[in-house]
1. Take residues that are at pLDDT 90 or above and crowded, with 21+ Cβ neighbours inside 10 Å and tell me which of the strands (runs of 3 or more DSSP E) falling wholly in region A:22-91 contain 3 or more.
2. Could you say which residue among A:H322, A:H343 is modelled with pLDDT of 50 or more, farther than 30 Å from A:S158 by Cα and in contact with a Phe, Trp or Tyr (Cβ under 9 Å, 6 or more places away or on another chain)?
3. Would you confirm, using the coordinates I've provided, whether A:R204 is over 30 Å from B:L141 (Cα atoms) and at pLDDT 90 or above?
4. Among the residues of region A:185-207, count how many are free of Cβ contacts under 8 Å to residues at least 40 places away in the same chain and of a type in the set (G, A, S).
5. Select from region A:257-279 the residues that are farther than 20 Å from A:D202 by Cβ and not in a loop (DSSP other than H, G, I, E, B) and write down the one among them that is most open to solvent (accessible area, probe 1.4 Å).
6. From the list B:A17, B:A25, B:A46, which residue is among the small types (G, A, S) and modelled with pLDDT under 85?
Amino acid sequence: MNLFCVGLSHHTANVETLERFGGNAKLDCLLRNSGCAEALLLATCNRVEVYGASESRVSTLDIARCLDRKIDGHNSPELAPFYRYEDAQCVRHLFRVACGIDSMVIGETEILGQTKKAYEVARASGAAGRYLHRLFQRAFRVAKHVRTHTDITRGAVSVGSVAVDLAQKIFGDLGNCKVLVLGAGATSEKTARALVSRGVIDVRVSNRSAERADDLARLIAARAVPFADWVAQCREIDILITSTSSEVPLVSRDQLQPRLRERIDRPLFIIDIAVPRNVAGDVNDLEGVYLYDIDSLQSIAEQSLAQRCQQIAAAEQIIAEHVAKFDESMARGLSRASQLPGHPPVDESSLRASEL
Amino acid sequence: MRFNFFAVGLGFVFQTAFLSIRGHALGRCPITNLFEVIIFVAWAVALFYIVVGPAYRLSLMGAFTAPLVVLLQLFALITPIDHPHHGKLPANSWLEFHASVSLVAYGAFALACIAGVMYLVQERQLKSHQLHSIFYHLPPLTDLFAAITRLLWWGFALYTLGLASGFLVGEPLPWGQIVCAVGVWILYGLILQGRYLHWFAPKRVAALCIVGFSAALTLLWGITFTAQTHAP
């Protein structure tokens, strides 16, 4: 039996091409028309891949035809962006994908959840048989091994997620945190949304234009606060996000100090994502205040990404070992597997929320 | 995390066995010399970690607790401080209660000190924007501060009980010891008072936990040393 992978990803195709081939995926078509004995489709926003097992070679063109949404029966899809991996290369590629090494953001964990879901769909429909079962179960084990034994998933790599991670390292459970968003721009909205997604319930929005504050408050289920009241709010809030277009700092040390005396036992996390900065740098010297501007958040994100990149070699080493073991087991044949009555479903609890 | 818990737990079982055997041999609570006192304090630290730690989501403290327990035990084993008592020591139940409860309080103070160190390390990294590998392993600041507060209360309550029972011993205690013990009690009382009246920011409370435990350890060493020096 021949194991193969045909697909395209952000490495080889633009968004338009990914959309073209990602939206028409039908496993029954793949199985029926292309001659695959087993097939599994992994379609995410950054990749469209078909993993298959077949007795005879299935051409890339046949697979591409099944995926192409523009096909009219006469035209052949442009095959240039498609890559193809066979046997050991296919195994290695899937392991790399499951570990997040092939992702746009190195080490991201969402892809593992997506891979598990794709496997579950193929298993439930009967499209994935014993060959793909062995391959994908091994891939999940490799991903877990790599995660446990390397730091490839450690640290946040985007400004928003760095801010949220820091908030969690200061406050722990964000459910009781009160957040004030100063400025109603797109960046503050993103950051506020990221915090809400991690459990923040109490969000307040303040902006010079009350109308825009109302609009943003509606969008993120927050409440608008008059701009004149934002300083008074600093007594109550735990996280302050600033992103106004003010040319001079809005938040100064002298302004904050009297408010902080009343809340000495509670830290204040300030995320200043405005350029130029809205918060004077010496505010960070105040006891219990943790000020991060866009540069420091960006720098942490870059550090994390660099650390993840340093882990690639270690992850590749683990993957290579598993590929060799998998090849050996395939060479020994699937006699033991063939005696199994069926293929167990993926444990739903293992589809962690972070991966979905 | 789970490994830390089981490692400290296993150590605790051995410590309990040792103290039990020693106690049977002595016919009283095994806190008769500096060696036994240090082992008893290490046992109390492990006890607090096992009993209190998981309840307050402090299991990560094992990474800090285990080295402290190991250091205390190594010190006790390596240094020649295990001076045997000749003859059976007279048992005084109030004295034993006073000493053992006070030493268990030391366990709580030691853990508060460890949580204080963890707080200061984490706070320093957050303030300076220099996030090292340990940053990702340490608990959040507010959780650590909650843990410090609770451990201080446990320690303070037990220490108060130990101190009060010291007045029921029925034997005259050295004035110097009494003054120092009351001094440590006042220090921890002030830390708790300052924490609730907002005199001190959490960072100061964390630092004071380290100061308080250092003072308490000095007192403990002084008491044990004096007791050994003046032993018949």
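1. On the way: elements: A:38-43, A:47-54, A:83-86.
Counting at least 3 such residues, we get A:38-43, A:47-54.
2. Selected residue: A:H322, the only one of A:H322, A:H343 that is modelled with pLDDT of 50 or more, farther than 30 Å from A:S158 by Cα and in contact with a Phe, Trp or Tyr (Cβ under 9 Å, 6 or more places away or on another chain).
3. On the way: over 30 Å from B:L141 (Cα atoms): no; at pLDDT 90 or above: yes.
Judged against the criteria, A:R204 is not a match.
4. Pass one, region A:185-207, residues free of Cβ contacts under 8 Å to residues at least 40 places away in the same chain: A:186, A:189-190, A:193-194, A:196-207.
Pick out the ones that are also of a type in the set (G, A, S) and you get A:186, A:194, A:197, A:199, A:206.
Of the residues in that region, 5 qualify.
5. That would be A:R261.
6. Working: B:A17 fails: modelled with pLDDT under 85; B:A46 fails: modelled with pLDDT under 85.
When all the criteria are applied, what remains is B:A25.
A quick yes/no check of all residues on (1) touching a Lys or Arg at 6+ places or on another chain (Cβ under 8 Å); (2) on the phi < 0 side of the Ramachandran plot; (3) of a type in the set (A, V, I, L, M); (4) assigned to a strand (DSSP E or B):
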{"site": "A:V97", "(1), (2), (3), (4)": "yes, yes, yes, no"}
{"site": "A:M104", "(1), (2), (3), (4)": "no, yes, yes, no"}
{"site": "A:E108", "(1), (2), (3), (4)": "no, yes, no, no"}
{"site": "A:G113", "(1), (2), (3), (4)": "yes, yes, no, no"}
{"site": "A:K117", "(1), (2), (3), (4)": "no, yes, no, no"}
{"site": "A:E120", "(1), (2), (3), (4)": "no, yes, no, no"}
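A quick yes/no check of all residues on (1) charged (D, E, K, R); (2) open to solvent by less than 10 Å² (accessible area, probe 1.4 Å); (3) part of a helix (DSSP H, G or I); (4) more than 30 Å from A:D295 (Cβ to Cβ):
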{"site": "B:A110", "(1), (2), (3), (4)": "no, yes, yes, yes"}
{"site": "B:L120", "(1), (2), (3), (4)": "no, no, yes, no"}
{"site": "B:R124", "(1), (2), (3), (4)": "yes, no, yes, no"}
{"site": "B:L151", "(1), (2), (3), (4)": "no, yes, yes, yes"}
{"site": "B:F156", "(1), (2), (3), (4)": "no, no, yes, yes"}
{"site": "B:L161", "(1), (2), (3), (4)": "no, no, yes, yes"}
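The values are calculated or read from the model by the stated rules, or taken from the named source; none is laboratory data. Every value quoted in this text rests on a predicted model; they were computed, and no experiment measured them. A quick note on method: Cβ atoms are made from the backbone with ideal geometry, for glycine too, and the neighbour counts reach across all protein chains shown. SASA here: full protein model, heavy atoms, side chains in, ligands and nucleic acids out. Shrake-Rupley method; radii C 1.70, N 1.55, O 1.52, S 1.80 Å.
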